[in-house]
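These notes are about the structure you will find just below.
The values are calculated or read from the model by the stated rules, or taken from the named source; none is laboratory data. Because the structure is a prediction, the values reported are computed rather than measured. Heads up, the Cβs are rebuilt from the backbone with ideal geometry, glycines too, and the neighbour counts pull from every protein chain shown.
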Amino acid sequence: MVNDPITNKLEEASSDRVYKKPSKLAFLNSKKVAPYVFISPFIISFLILTLYPTIQAFIMSFQRVLPGNVEFIGLSNYERIFNPTFFLALKNTTLYVIFTVVILVVIPILLAVFLDSKLVRFKTIFRASLFIPSLTSIIVAGTIFRMMFGESDTAVANQVVTFFGLEAIDWRYNSWSAMFLMVTLASWRWMGVNVLYFLAALQSVPKELYESADIDGANVFKKFRYVTLPFLKPITIFVVTISIINGFRMFEESFVFWETSSPGNIGLSVIGYIYQEGIQQNDMGFGAAIGIVLMLIIFAVSFIQLILTGAFKRSDE
Amino acid sequence: MKKLTGFMLLIFVMLLAACGGGGDTASSSAGEADAAVSVGDDIEGATELSFWTFNEQHMDLFEDSAKQWNEENPDKPIKLNAQTYPFDQMHNNLSLALQSGTGAPDLADIEIRQFSNFLKGDVQLEAMNEYVEPELDKNVEARFDLYAKDDNYYGIPYHVGATVMYYNQEIMDEAGVDIDSIVTWDDYIEAGKQVVEKTGKSMTTVETTEQFTLFPLISQRGSNYFDENGEIIMDNEVNVETLQFVQDMIYKHEIAVAAPGGKHHAEEYYGFMNNGGAASLMMPIWYMGRFIDYMPDLEGKMQIRPLPVWEEGGNRTAGIGGTGTVVTNQSESPDLAKEFLAYTKLTEEANVKLWTVLGFDPPRFDVWDNEEMKADNKYYSYFHDGIFDMLSEIREEIAPIYYTPDYSSAQHEVESTVLYNVLVQQKKTPQEALTEAAEAVKSKQTD
């Protein structure tokens, strides 16, 4: 550091200023303080908007919260959590996570490889059109989806289905089609973003490796399996992790189809359950308890996934 | 600390939920009212009163009343700010405002299914007893009990909500059924079979995602989800039988179909009925407004009759739905707010307005034979005269409904699970479904 001429100059400059114009704010320029000043907006918003509510929610999960009447009730909120509705919500959410993770990893990898290949023309148009859905509001997109998948025979989806000689489907009233709708909406919306991640990662694959693979006589699939995929591993771990976390936080995908109450709870997610119990039924303590349980579940699943994929190992080992 | 608690949980939920989708949708649920009305802006020194509702129609009544109030009471004028928000948003905002102790309006509408949530803990609403008690003997008392706790009356009702049968005269004539010959539910089923056979149309529709079919029938038979001591009786014999009856109408007698869109308030449903989709429909009197607004082609074709009875001498109606207007304890001028609310909804004149402005069956029955009530209006021209003669006849037959703090949880179980499993999927028998629902409600009970 001492030998760094630029730093030295800067230090000289700042100490000059301090000398010439002593000010109470001068300490902000010191090398020890400045970094903290720069990250303070994040730290402050994190403390106020994330940490404090989290701690409060943790405390509330042991309370019965009623207007003018808040009391500690021990673990009784937690005792009530493990009921059939919660397990149904958890099941729905878990299935949703599995489907979205699989779809939003496998297909974007393939699409990215295609878009990266020299054989495809009009790449920019394809990239742009894949990316545009993620710019739409999910409420707007969901409304359109709901109309496309309406119950009437004239709705777009049912016209397609009946064209193939099948019977029209009550999309929003069967549990399989409910899951299909939510997964489709999420996949449609996030596909483009994930393709971008993988496209970026593909740029870092050294061309020489493909050349030497050619010399060794590897075909297209072998090159994909032994050259491309290993280089995509770090980004895949990243995409899987955020897909899992986002999947467990799913709310809007269900809300746009059924608002807050779906027939037979076929569209109920864990967050939807928190909303129902905590806010609609005015039982905040219970809602907070579900939130804590969900947080633990997300934490555990992400942790296991990161260990299994070796994300904690150093990449050069 | 306590004030912030509710707010913070909301943020936490928002963080978990909204950030998952990229955070761009959170803004779409917060914010602007759907519609707003302001009265008395130009009066100097007027006391400001704010009013939240979820039904734009309700603002008409308060707007009308505020204008008149300012004319009659120049010494204590008011400036009314009425705002309509979407249903869920309004109730959630109100409950969070009352929980956190800040941000609530002076006056608010609370829908009956949500009302029990607002009676939990220390009630944050002003008791209206001084205005309600003197008038109680002229009102359908059961409607005030809905919004009461420990002998305190908090909410003022809009209507009786008497449930009736709407018949499509054209279809009934085509089938050759005289609607006045339908007295019992057995008659109704027989008539239904005749309608299906002769016209190919359904006799009626059944709700599968809301409870406006099941609950009126249960209440008509004097049953409920809770008894007068607050015990859960969701799976008692009467309720199981009634649900079986509804299922039979669809699958055994084949005279009913599930309502398109799942409920009688769905867009799909309005179109279906407007095209003569079914010969009759059981809904409360206040549903007249929906006919007029959404089913214009049925004008002059509909006839209103009391419900068929379960056994001779049984009730011919049930009081269903409703909204109580309340004064919150955050009002800066609670006395004025209470006086204005009583003026708007409790007086004789106010009750006439409930009919002429909103088309509701007013809770005060001493106005039912009032001359002003007989003046021609759009409701009479759509549904024919004699609505109130019929209502006077069945007024005594409205069974009381006991609402407990767990009522909305019970209703939620029915609407989200029971109806779907029994009426749509037929996966469970009425007994199984209702027993499970009762268990679910019990497991959620806080006390």
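Points to keep in mind about this one:
- Filtered by the rule that a residue be of a type in the set (D, E, K, R) and either within 12 Å of chain A (Cβ to nearest Cβ) or surrounded by 24 or more Cβ atoms within 10 Å (Cβ to Cβ) (or both), segment B:396-435 gives B:Asp406, B:Glu413, B:Glu415, B:Lys427, B:Lys428.
- Scanning segment A:123-137 for residues that are touching a residue at least 40 places away in the same chain (Cβ under 8 Å) and either β-branched (Val, Ile, Thr) or buried (at least 16 other Cβ atoms within 10 Å of the Cβ) (or both) gives A:Arg127, A:Leu130, A:Ile132, A:Pro133, A:Ser134, A:Thr136.
- Only one of the numbered conditions (1) within 11 Å of another protein chain (Cβ to nearest Cβ); (2) within 15 Å of the chain's Cα centre (by Cα); (3) part of a helix (DSSP H, G or I) is violated by A:Met250, and that is (3).
- Taking the criterion of being crowded, with 23+ Cβ neighbours inside 10 Å, within 13 Å of chain A (Cβ to nearest Cβ), assigned to a loop (DSSP other than H, G, I, E, B) and in contact with a Lys or Arg (Cβ under 9 Å, 6 or more places away or on another chain), the only residue of segment B:255-285 that qualifies is B:Gly262.
- Residues of segment A:137-151 that are among the hydroxyl-bearing types (Ser, Thr, Tyr) and either more than 9 Å from chain B (Cβ to nearest Cβ) or under 17 Å from B:Ala266 (Cα atoms) (or both): A:Thr143 alone.
- Among residues of segment B:302-332, those that are in a loop (DSSP other than H, G, I, E, B), of a type in the set (Lys, Arg) and over 20 Å from B:Pro400 (Cα atoms), counted: 0
- Residue list for segment B:288-301, restricted to those being surrounded by fewer than 21 Cβ atoms within 10 Å (Cβ to Cβ) and not in a loop (DSSP other than H, G, I, E, B): B:Gly289, B:Arg290, B:Ile292, B:Asp293, B:Tyr294, B:Pro296, B:Asp297, B:Leu298
- Scanning segment B:412-435 for residues that are of a type in the set (D, E, K, R) and not in a helix (DSSP H, G or I) yields a count of 2.
- Any hit, segment B:69-78, residues being surrounded by fewer than 19 Cβ atoms within 10 Å (Cβ to Cβ) and within 14 Å of chain A (Cβ to nearest Cβ): no
- Taking the listed residues A:Ser129, A:Ser134, A:Ser61, the one that is assigned by TED's automatic domain parsing to the domain that holds A:Asn246 and either under 24 Å from A:Ser302 (Cβ atoms) or in contact with a His (Cβ under 9 Å, 6 or more places away or on another chain) (or both) is A:Ser134, with no other qualifying.
- Of all the numbered requirements in (1) more than 19 Å from the chain's Cα centre (by Cα); (2) farther than 14 Å from B:Phe62 by Cα; (3) touching a residue at least 60 places away in the same chain (Cβ under 8 Å); (4) surrounded by fewer than 21 Cβ atoms within 10 Å (Cβ to Cβ), B:Phe365 misses one, and that requirement is (1).
- Yes/no for B:Gln57 being modelled with pLDDT under 90 and within 13 Å of chain A (Cβ to nearest Cβ): no
- Of the helices (runs of 4 or more DSSP H) entirely within segment B:105-201, those holding at least 3 residues that are surrounded by 21 or more Cβ atoms within 10 Å (Cβ to Cβ) occupy B:112-115, B:185-199.
- Verdict on B:Ile394 being under 25 Å from B:Met288 (Cα atoms) and either of a type outside the set (A, V, I, L, M) or not in a helix (DSSP H, G or I) (or both): no
- When segment B:48-93 is filtered for residues that are hydrophobic (A, V, I, L, M, F, W, C) and touching a helix residue (DSSP H, G or I) at 6+ places or on another chain (Cβ under 8 Å), the ones remaining, listed by number, are B:Leu49, B:Phe51, B:Trp52, B:Phe54, B:Leu61, B:Phe62, B:Ala66, B:Trp69, B:Ile78, B:Leu80, B:Ala82.
- From B:Ile233, B:Ile189, B:Ile182, residue being hydrophobic (A, V, I, L, M, F, W, C) and under 23 Å from the mean Cα position of the chain (by Cα): B:Ile233
- Residue match in segment B:315-333 (condition: without any contact (Cβ under 8 Å) to a residue 24 or more places away in the chain and surrounded by fewer than 20 Cβ atoms within 10 Å (Cβ to Cβ)): no
- B:Ser38 passes every criterion in (1) in contact with a Ser or Thr (Cβ under 9 Å, 6 or more places away or on another chain); (2) in a strand (DSSP E or B) apart from (1).
- Candidate set from segment B:436-446 (those that are surrounded by fewer than 16 Cβ atoms within 10 Å (Cβ to Cβ) and in a helix (DSSP H, G or I)); member that is nearest to the other protein chains (Cβ to nearest Cβ): B:Ser443
- Among the residues of this structure, A:Ala178 does not count as one that is surrounded by fewer than 17 Cβ atoms within 10 Å (Cβ to Cβ), within 14 Å of another protein chain (Cβ to nearest Cβ) and more than 18 Å from the chain's Cα centre (by Cα).
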